[in-house]
Every structure is written in structure tokens, then in C-alpha cells.
1. Which pairs do you get when a residue that is loosely packed, with under 15 Cβ neighbours inside 10 Å, found in the range B:90-109, comes within reach of a residue that is among the aromatic types (Phe, Trp, Tyr) and not in a loop (DSSP other than H, G, I, E, B), reach meaning Cβ atoms under 8 angstrom, with the pair 6+ apart or on two chains?
2. Starting from residues that are farther than 20 Å from A:ILE378 by Cβ and either assigned to a helix (DSSP H, G or I) or at pLDDT 90 or above (or both), keep the ones in the range A:214-229 and report whichever is farthest from the chain's Cα centre (by Cα).
3. Can you tell me how many residues in the range A:158-167 are facing chain B (nearest Cβ under 7 Å) and aliphatic (A, V, I, L, M)?
4. So which residues in the range B:53-76 are within 14 Å of another protein chain (Cβ to nearest Cβ) and more than 14 Å from the chain's Cα centre (by Cα)?
5. Regarding B:PHE17, is this residue within 14 Å of chain A (Cβ to nearest Cβ) and of a type in the set (A, V, I, L, M, F, W, C)?
6. Take the residues of the range A:320-354 that are closer than 13 Å to A:GLY68 by Cβ and of a type in the set (A, V, I, L, M): which is surrounded by the most Cβ atoms within 10 Å (Cβ to Cβ)?
7. When the range B:132-148 is examined, which residues are found to be of a type in the set (Gly, Ala, Ser) and modelled with pLDDT of 85 or more?
8. Which pairs turn up if I take residues in the range A:50-69 that are over 21 Å from A:VAL372 (Cα atoms) and look for partners that are assigned to a strand (DSSP E or B) and not hydroxyl-bearing (Ser, Thr, Tyr) with beta carbon separation below 8 Å, at least 6 apart in sequence or on another chain?
Amino acid sequence: MSESLLEAWNRPPTIEVDGEGELLEVAMGPHHPSTHGVFRMDVVLDGERVIKLKPVFGYLHRNHEQIGQTVGYLQMMPYTDRLDYFCSLTNNWAYALAVEKLVGQAVPERAEYIRVILAELTRIQNHASTIGFLTQEMGASGTPLMYAFREREKILDLFESLTGSRMMCNYMRFGGCRVDMTEAHLNAARKIVTGLPRFIDEFENLLTSNEILMARSQGMGVLKPDLAVNAGITGPMLRASGVNYDIRKVDHYGIYDRFSFRVPLGEHGDIYDRYMVRVLEMRESLKILEQALKDIPAGPFIDPKAKIRGFKPKPGEAYGRIEAPKGELGFYLISDGGTSPYRFRIRPPSFINLTVLEDMCIGQNVADVVVVFGSVDIVLGEVDR
Amino acid sequence: MLGEGLLKGLGETARNFAGSFVSKERLTTVQYPEEREPLPEASRAFPFLVYDGADWEAGLRCVACQICEKECPPKCIYIEKSKDKKPDYVGKPQIYPAKFDIDISVCMSCQICVEVCPFEAIKMDNQFELATDDRFGGLLYDRKELARSNEYYHKIHPTEAAEVDARLAEEKAKAEEKAKAVAAAAAAKAAPAMAAKPAEGAQPQ
């Protein structure tokens, strides 16, 4: 652990190097189109083979934790949208959960259902577009991505008519939600849910048995389950390695213990398994959505006694975590009794999932590094915070 | 057979390509600047200030309480209180904003100012095409540029505006009733006193 970055960089390569010629050091990114934003991988190459890889973070650092310690509790809510801008509603939920734990705020039944519906819709659109990006990086120039975005558009239209914004929703509040999901919104959600199985079938027809995808992804970027557990990997990446760990099942936050759904697991921990786990998770999310849309009760959408402004929790600490589409998203708050937290910490799934990038890439070709990187499913807004 | 998966996938793209000519489900794009999708009612972009009546300066609902300035997460609102007072919608003299600036290059459209405003004075616009070549003055809106009429608010958010109007009308009726009751009580109290000491009652204060 005491090894400095420079020492880590200068240590001898872990795999055998071909004696001929010299090693080449390449900076992939921060403007490489496959890096989903601004991210740099310093790669040492022996011909086409990757010998060492050092991820360089921080190009999109926006000081979110310091902002969280400066502004009030409510004011932090719109900033959480900007962490993982693909799934702002799950970010909202994780933050609201942490604050609700801190102050002991109960959430009405209907609000819990609304949160589950929105979180599962978010999961579906995130997984669909992640698979789209992954295939884009394998050279499928846009077709799966465009199909995924077409479906995502329908979900985002629902988000816009409900929350007012397509991506920066700022919707959850401590003790409920900002506005009610009316019958019209619920019907729109039902319409989306009935249309989605056809889309997933089409998507699978297009990709699952595609020889190019299989050749590029099977046996590539293998992540061993013990390394995944030791490195703190969560989400679809961990489950693709065959570890049964889903916070919806483990932690029972919200009302997830009421729904029957299964946790898809991979076998080999390669890119294809990660792809497959995401497809199956979309199907399981649809099951949850069907049950939630059937059972949603009437009632208040926010606790009428909930305080929104002038929030001053008692000194204490709380950790709220949820199964975000990318993994375990946690918010850790320490209150000293003031209007803003004494310490605000975000546990981002994409950042921690990226730490095993080198282990997955060593010995692969450069072109495969891009695919391995795409299969991790990251959003740089969350990695660099 | 090698290539079976590819052919299956190509069949899918062919179905989508052919389907895009007949089905709106499969062709969802519009030719943007000429053709526009209607915005949903809830959609929001940047805040504006609501005014009642014809004169924007006299009708501004804002009373410069500075709650939005305090609650704004990126602190993009700047308010200066006036020295004098003007009557608000129930006729009570109130301070008004001598200066109300929003820097929309900083604003992040979170709607928290709308949520915290107790006077229904600031609302969200859905106008998003605000590009300008002046990144300082052109994006710093003062209260004249921010003022929009209540009719405009009704046009972009009809349901919400109707609710707000009903609530304000109720408040106004209540205030008028209260004022009337107070006036009646004062008159009832003042009548015998006036009769006893007419000189004192005539003096102001």
C-alpha cells in the first residue's frame, strides 16, 4: 500500500515481455472517443500487447464532496443529478435515503412505489444505452446504440413530463417525492413497460448470437470472483463474475422485499457475461415494474410533516446505499448539527469498478482495452465527481 | 452455422428499416429547427418573475424576501431591496426588488427557487433557445428581462398556473375579509371614543 504512483509505474511488468524491440508508452485519452468523456489510460505496449496500464482520473473533477459540505441538505439534491448523469433518479434516491436515515424520516407507501418505478426505469435505460456504447466500441457503428436510444427516449419523455427535466431530474425529496405521479404518468409508464419486452427481444436477436460480438467479448477481460470481491467491485460487473450480491436483496432498502425477482449471475466473468447479465437485469426490472405498477396504492406522495427548508439534523452519521444501475452507490453524511453536513462522502460505483481495469487489460491487444473499458459501464461525472 | 447470428441481426435491422417508413414507433426523429415536438407542461429551463396586470414594474409579485437568493444552490440570484414600498396583490404595502439579477450561465435549472418562494413570484420558463454571443451581459438577466406576465405563465403551465391563481384569490379574499373585519371592529371601537373625544380621534397616529 505504501507504493507511490511513481514506484507503481516503474515496477517491472507482471507478464513476460518479448525481447525484441522496445516498449512504447501511449497516452490513450483524455480525448480518445472511446473513453466516454475525459479519462486517460497510460498504456505501455509491447507491439500490440498491453504490458502495463495506469488509469489517470480527475479531468472532470468538480469538487462535489466539498460542495456538499458547503451548501445545505436540500441544495445538494440537484448536484447529485450531475454525478452519474445517466441515472439521476437513482442518485437522488441514494442521497434522500442517507438524509432520511440521518434524521429518521419515514417515507409514505406511495412515494416508495414511485421511487421503485422510476429507479427500475432508470436501470433499463442505463443498461440499454451501456450495451449500445459497448457495441459501438466493438465497431457496430451506431445501430444498436440508436435502437437503445430510441427506447431510452420514451423513458426520458416520461421523466420530463413528470419531473420537468429529462436528465437532471431533481425529483426526490426527504420523505417522499416533489410532485405526484398522476394516473396519466402511470399509464405512460405502463405503456412503456408493455412495449419494452419487444425491444429487448429485438435487441437480443440483433446481438446475443452475433458472431462478431461473441468473438470480441468471450474470454476477454476476465475478472476473477475473488479479485472482484477484494477490490470492492459491485453491480453487474460483480454479478457477471458469479458473485451473488445485489443490494436490493441484501439490504432490503425501500420496499424491494415485496417484489419477486431474480438476480442474474454470470459464470466466466468476461465481457460477454457482463453483456448478458445486463440484458437479463433489464428483464428482471420489467418484472419489478409490472408488480409495482399493479400494486401502487393511493395516498400522499410526500410525508406532510417532512421538513424541506431549514434542515438542521441532530449530530450523527448515516450511510445510505442503493443498488444503482452501475453498482453500489452510497452517500455518507456526518452532521454536526449545522445546516450543512460536516462530512459528505460519495461512494461511486463507477470509480471503484474502474480500479481493476489494469488487471483485466494486461496481455490483451490495444483494441480490446477499449472494449474492456466499455464493459465496465462508467460515467466520468461520477468517477471524478 | 457460422454467420447465422449475423443474418438474424441483419434481419432485425431490415425490419426496423422497413418499419420506419410505416410506423411512428420506429421512426422517432423530427427535423428539429423546422419541426418541433411539443414540450410537456412540466418542462423547465430557466426561472422568470411573474407580474400581474399590464405594467411589469408595478405588477411584480416579488417582495424581495431573498429566500430564493439564500436557497439557490449555485447562488446565481442577486437581489437588492428597495427603500420604499408598493402595494402587493392584496393591497398591503411591501418592499419590492430594486435589483433582481439571475446569471443564467450559472443557473442549473433545479427549480428550488420556485419551490421555496412563498409568494408565487418566481416560476420556471420553458424557453431553452437562449444562445447569445455575449457571454457576460447577454446571460445576466435583470428584472426587466426576467419579468413575464401571468398570461404567459398560464400559456406555458396551464394547470399549475390555474392552481396558483386559485390559491392567490383565496388568500386575497381571506385578507380582504380580515381587513373588513378589522375595519368594522375598529369602527365599532372608534365610534364611542370619537363621540367622547373628537379631537384625539382626528389626529393621525
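The values are calculated or read from the model by the stated rules, or taken from the named source; none is laboratory data. For clarity, every value in this text was computed on a predicted model and none was experimentally measured. Cβ: placed from backbone, ideal geometry, glycine included. Neighbour counts: every protein chain shown.
1. B:LYS99/B:TYR78
2. A:ALA215
3. Within the range A:158-167, residues that are facing chain B (nearest Cβ under 7 Å) and aliphatic (A, V, I, L, M) number 1.
4. Listed by number, the residues that qualify are B:CYS65, B:GLN66, B:ILE67, B:GLU69, B:LYS70, B:GLU71, B:CYS72, B:PRO73, B:PRO74, B:LYS75, B:CYS76.
5. Spelling it out, B:PHE17 is indeed within 14 Å of chain A (Cβ to nearest Cβ) and of a type in the set (A, V, I, L, M, F, W, C).
6. A:LEU333
7. B:ALA147
8. If the second residue must be assigned to a strand (DSSP E or B) and not hydroxyl-bearing (Ser, Thr, Tyr), the pairs left are A:HIS64/A:ILE346; A:GLU65/A:PHE344; A:GLU65/A:ARG345; A:GLU65/A:ILE346; A:GLY68/A:PHE344; A:GLY68/A:ILE346; A:GLN69/A:ARG343; A:GLN69/A:PHE344.
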